[in-house]
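To start, the structure itself, in structure tokens.
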Amino acid sequence: MNLNSPLFDRIRTKSKQAPVIEPKPKQACAHPGCAAAGEFKAPMGRLREGQYFCFCLDHVREYNATYNYFNGMSDNDVARFQKEAVIGHRPTWSMGVNRAARGFREDGVDPVVDPLGMFRQGMGARAADPPRQPKFGVAAMKALATLGLDDTADAEKIKTRYKEWVKRLHPDANGGDRSMEDKLREIIQAYNYLRTAKLV
């Protein structure tokens with residue numbers, strides 16, 4: 001494509017001019033007798049939410065120093081306002097109290113099918129089962145696993161299982177075959193650990 005072609009000379013485009021921004025007319029300070037520009041907003045009060053005075057810097061500082069949102073409210077009203085501010089001044093109710101929202105019929109029967117009993121009265125009263133604590137430490141559990149036992153094994157069961165493994169893996173019982181010696185060493189080490197841990 002030839003950009004020096006005479007065809008490109010005849011293409012006209014709009015020149016990009018910056019948009020003209022008209023300055024806003026400055027509002028006069030709302031303080032009586034002040035002719036300065038009111039550039040700073042100050043709230044009008046509790047019963048006039050979203051409405052503002054426009055003051056100059058000196059008068060907005062003076063106004064803010066004396067402004068009291070709770071002016072004219074009793075102590076009880078102030079306390080109630082502060083309590084409602086926690087929930088954003090929205091209505092709330094305790095769980096299970098709003099019968100209309102849960103769909104109760106006029107005769108008081110709850111039509112919600114609850115096979116797991118999640119919405120029963122006093123659901124949180126029953127304490128959860130405590131988590132099962134392991135009876136032995138990690139090393140003891142590894143030693144028991146080496147012997148093929150779990151954490152329910154008692155001392156008698158550990159001794160019996162140890163004797164079974166030794167009889168099965170010892171080279172004298174296998175006609176001198178030493179291929180199972182490593183497994184036998186593991187069994188003996190596991191049993192010795194359980195003895196030092198006073199589990200046998």
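FYI, it's all coordinate maths here, none of it is from the lab. This structure is a prediction, so every number in the text was calculated from the model and none was measured.
Data table
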quantity: Residues whose placed amide H lies under 5 Å from that of A153, excluding near-sequence neighbours; calculated: none
quantity: Of K41/K83; K24/K83; K14/K41, pairs whose Cα-Cα distance is over 30 Å; calculated: K24/K83; K14/K41
quantity: Whichever lysines have a C-alpha closer than 17 Å to that of K142, once near sequence neighbours (fewer than 8 apart) are set aside; calculated: K157, K159, K183, K198
quantity: Scattering profile of segment 138-196 at q = 0.23, 0.28 Å⁻¹ [log10 I(q)/I(0), Debye over alpha-carbon scatterers]; calculated: -0.87, -1.14
quantity: Cα gyration tensor, segment 1-73 - rounded (a/c under 1.5), prolate or oblate; calculated: prolate
